[in-house]
Structure formats: structure tokens, C-alpha cells
Amino acid sequence: MLNHLLVPLDGSPLAEESLSYVNQLLRPGGRLTLVMAVDLSGMLAYDMYPITGIRAEVPDGQTMYGADKLVAQARTYAEKIAKDRFQYDVHIVVETGEPATLILKAAHESHTEAIVMSTHGRS
């Protein structure tokens, strides 16, 4: 059994399926890190002329408000998962950025032994 697992979540039922393996892999008294990456790339507004490839960002105030709200929602979701499903020492990481980069960063910084995640797109 392992001492420390990291599970990335995105709020989907498919991602939550990986949680069922935690109790099989993590020793009693082990540590669990739940990671949620809030990807803000979807908050960009694109120019009307896609051929130019020029994009304009949403005004800073709107982006920050939207980002803060998404981060708060992600944290609330992860805290509920931790409280309702696990008796382990659960550490929650919620940051904005590209998911793969943040997952690897969290795994490295927390010295996790394994990442348990479901597939994306089932391919």
C-alpha cells in the first residue's frame, strides 16, 4: 500500500470514478492530495476574424471575478469530496492554469507516490 496519492478532479462523474481506487491503494493513515485545475483559457474572447489569429482577453476585472468564483466553486467541491468520502489526511490544491502542468507541479511539490486518474475522452 502507498503512503501518498494524488487524485486530479474536474468535477465530472468520470473523474470521480478514480476515487474508488483510493481506499484500495492508500494505507490507513495515508495522505491524499486532491487537485483541481481551473483552466482560464476558456475565458478568452476571440476576435471576429479567425484568420488573423488575434484574440482579445476579457477585461481584467471580469476575468478576475470569474476566476475567483471558479476557484471558490472548485475548492468547495473538493472539500465536500474530502469530507464525505475519506478519513485520510486530505490536502486540497486548487489553482488556475493548464491542468497537466498543475497536476505535475502538485505531484512534485507534495512528493506523491502515485497519481490516480481516469481517462479523458476514453481514448
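Cβ-Cβ contacts under 8 Å between residues 6 or more apart (or on different chains), taken from a first residue in segment 72-94 that is of a type in the set (Phe, Trp, Tyr) to a second residue that is buried (at least 16 other Cβ atoms within 10 Å of the Cβ) and not in a strand (DSSP E or B), are listed as 86/22; 88/22.
Select the strands (runs of 3 or more DSSP E) contained entirely in segment 3-78, then report the ones holding at least 3 residues which are touching a strand residue (DSSP E or B) at 6+ places or on another chain (Cβ under 7 Å) and at pLDDT 95 or above.
26-38
Annotation: of all residues in segment 70-95 being surrounded by 14 or more Cβ atoms within 10 Å (Cβ to Cβ) and among the acidic types (Asp, Glu), the one that is farthest from residue 4 (Cα to Cα) is 95.
The values are calculated or read from the model by the stated rules, or taken from the named source; none is laboratory data. Because the structure is a prediction, the values reported are computed rather than measured. Note: ideal-geometry Cβ built from the backbone for every residue, glycine included; neighbour counts use all protein chains shown.
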